[in-house]
Each structure stands twice: as C-alpha cells, then as structure tokens.
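Novice: My questions all concern the structure below.
We did not get these values from a lab; they are worked out from the coordinates using the rules stated. Values in this document were obtained by computation on a predicted structure and should not be read as measured data. Positions of Cβ are generated from backbone atoms using ideal geometry, with glycine treated the same way; all protein chains shown enter the neighbour counts.
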Amino acid sequence: MALPKRIIKETERLMADPAPGISATPHDDNLRYFDVIIAGPNQSPFEGGVFKLELFLPEDYPMAPPKVRFMTKIYHPNIDKLGRICLDILKDKWSPALQIRTVLLSVQALLSSPNPDDPLANDVAQHWKENENAAIQTAQEWTRKYATA
Amino acid sequence: MASYFDDHSLEDPYKARRPNNNNANSNSRFNPDLSHFMPREDTDETAQTPYQMGATSMPGEGDFRRLAQLFGTFRQREEALGDEEHQEFLDNLITQLMDEAGASGKHGPPPASKSFIRDLPFVPLKEVKRDDACIICNENFQENESKAGITKLPCKHFFDRDCIVPWLELHNNCPACRAEVPSDDPVWIKKKRDAELAKYAAEAEVDEDWMYS
Ligand SMILES: [Zn+2]
Ligand SMILES: [Zn+2]
C-alpha cells in the first residue's frame, strides 16, 4: 500500500530539519517504523543519557496516534518497565493536528518534568513522591548505567 | 540472552515480525503479533469475524480480551508453582493485551453525530485564504483541491471533507482547537445534560443568595 503523502512529508522534514536533541530515522524496509534517539534534556536527571525509542505509525495514522515506546531502560514515573509512556496525547488527547515531531518533543518534555501524580510505573512514582532526591539519584544512576552510548 | 520463547521452544512472535532486531535491545517483548496465536480464518468458516477489516483479518477488541483471560489462567498456574519470572512476564503480557483491547479509536471522545457529519457545509474555495492548509493532510487547499471539497466546523476551522469526516466518525471534536461538536453517544448526551442542569442549579442558587442577602 502506498505511503500517505503526509507521512512522506513528515519524514522528509524530520530528516532535513530535526528537532534539537531528537533524531528519527525510518527503517528501509518499513517506512512506518522509526528508530528514535532522544538526548536526555539538560538539568534533568536524564542529562548525558542517550535514549532509544521505537515509533510506529499504525495503518490509521493520523486518525490514530503513533505508538511510541522506550527501548532503553529508564527510571521515570510516567514510563513503565516495558517502556510504555503515559502521555495523554498518545491516548485520549490525540489529534491529527499533532505530528511525529510534536509527539517526540512532548516525550522530551516529559523527561524534563516527570509527573508522579499521573503515574504509569507506580513504584517509581511512589519513590518520587516520598523522596524526590533519592528518586532523582536512582534516575541518574540508571541513566549512567543504561543510557550511556 | 535466551528469550521466553527460546526457553519454551516457541516461535518468538516478536522476532518473527521484526527482521532487524539483532541489536542489543532486541530481547524486549514489545508488540506480540497476535496473528500467531489466532486460529486461521480459513480453519473455521462458521466462526464470526466481526472485527475483520479489509482482506486480512485483524485481531479485535474481543480477541485481545479473550487472550488476556487465557493468559490470566496461565498466570494463576505459575503462581501456584511459585514461578515469579513467568508470573511477571505474564503480568506484562496481560496488561499489554488489555491495553490493545482498549486501543485504536476507543480512546478519547465519542464519534460526532451522524446528522452533524451529513450536514457539514460545503465551503467555496474562494472563502479559504491563499496559504491555508488542511492540518490533517498538510496540503494547501488552493494547490490541492480535493474532489470532495472543503468544509468547516462551527469553530471556523477549515478541512478537506475527505480528511475531517474519518476523524469525526471517530471523535466529536475539532482537530485544531478541540471544540466539541454534537454526538449521538448516550453517555456523552447524558454528561452534557447533567453539566447543563448543574449549571442551572448553580445559577438558581446564586439568585436565591441574592434574594435573601
Ligand atoms: Zn486534508
Ligand atoms: Zn476548531
């Protein structure tokens, strides 16, 4: 099936004019499947880390959101053990006005501002709420251990 | 690392679907392809396939839920045997299947009402600004005049008819500003009515306060 023009346009723009700290490269054999790399934002517990993600555009994209998951282990209250991300625009707040770029920028922003009140990884969120400094320290350790290229 | 599927001499559905997964992270078990677990369509011609889309059969909500239940019974057995690693693996799988059961179009607001979609206005091309593009397909209206024409929502956002109708058939809001449009969904209608009643009640209370103060 032919790739919709919108996906081609989005991909071209992602390659020609990537967002700072984000790269997304489609697979040669499946142009709906992207290897994504997000650099841990400065002044976040993930600073210095390089995080791999997978992004898949389902058949009904852009009527349905992209599926995005972290491949690199990360200690974050809104990202679970399987790398699934708790982000409203990837679920009930999706709109076809959003794009791959805006989705990845939102994921990057989530790294800068973890939200333990809307958790996906409950134990991590609890840690974050009870002892933020200790949780941040664990997140930094995990970043060094798993997310250093 | 040997995967669950290697340990059990099963075909790893993850590997089967992703040819380029020979990197360091390939042992993650994302996205099991359910077609590996599904009975083939041609083996049971009497089976109903209500979720069938197009020529290939897609697993539907009910399929995911049934599989989740099936794995739930496996999990209970593993629990009895005290196998924590398998329990955890099955927990993850079940969560994922339940997620899938609620996915694709099930998230978010209900569909727009049939009459609203039917009565969408036709907008003449001259009403649209030269540089305006449809945010769903990213095409400029003037350069890429779609055969079905242009329409607009009550919030005054313009779209190709071909682009906005499939969205409204899933959700009753504007992709650009999220302004709501009518829905036939009974839950949505009830919520809307309750909100209005609450508003009147609040206003009535204010009136009373004013009268007796
Ligand atoms: Zn369009
Ligand atoms: Zn609007």
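Novice: Charges at C-beta only: +1 for Lys and Arg, -1 for Asp and Glu. How large is the resulting dipole of chain A about its Cα centre, in Debye rounded to 20?
Specialist: So the magnitude is around 220 debye.
Novice: For the stretch A:61-131, what does the relative contact order come out to in percent, with C-alpha contacts under 8 Å and a separation of six or more?
Specialist: 38
Novice: What order do you get for A:PHE56, B:PHE158 when you list them from fewest to most C-beta neighbours inside 10 Å?
Specialist: A:PHE56, B:PHE158
Novice: Okay, moving on. Using a 10 angstrom cutoff on alpha carbons, build the Gaussian network for chain A and name the most mobile of A:LEU104, A:LEU90, A:LEU82.
Specialist: Between A:LEU104, A:LEU90, A:LEU82, it is A:LEU82 that shows the largest mean-square fluctuation.
Novice: For the stretch A:1-131, what log10 I(q)/I(0) values come out of the Debye formula at q = 0.11 1/Å, with one point per alpha carbon and no solvent?
Specialist: Debye curve over Cα of the stretch A:1-131, log10 I(q)/I(0) at q = 0.11 Å⁻¹: -0.39.
Novice: How much FRET efficiency would the formula 1/(1 + (r/R0)^6) give for B:SER146 and B:VAL187, where r is the Cβ-Cβ distance and R0 is 30 Å, rounded to 0.05?
Specialist: About 0.35, to the nearest 0.05.
Novice: Starting from the amide H of A:ASN115, placed 1.01 Å from N in the peptide plane, find each other amide H under 5 Å away whose residue is 5 or more places distant or on another chain.
Specialist: Those lying under 5 Å, H to H, from A:ASN115 are A:ASN78.
Novice: Given the pairs B:LYS129/B:LYS190; B:LYS114/B:LYS192; B:LYS129/B:LYS191; A:LYS5/A:LYS145, which are separated by over 29 angstrom at their Cα positions?
Specialist: Result: B:LYS129/B:LYS190; B:LYS129/B:LYS191; A:LYS5/A:LYS145 exceed 29 Å.
Novice: When the label point is put 7 Å from the Cα of A:ARG13 along its Cα-to-beta-carbon vector, which residues of the stretch A:86-124 have a backbone N closer than 17 Å?
Specialist: Residues A:95-107 fall inside that zone.
Novice: I've got another one for you. Tally Lys and Arg at +1 and Asp and Glu at -1 over the other residues with C-beta under 13 Å from the C-beta of B:ASP131: what net charge comes out?
Specialist: Working: positive: B:LYS129, B:ARG130; negative: B:ASP132, B:GLU139, B:GLU143.
Neighbourhood net charge equals -1.
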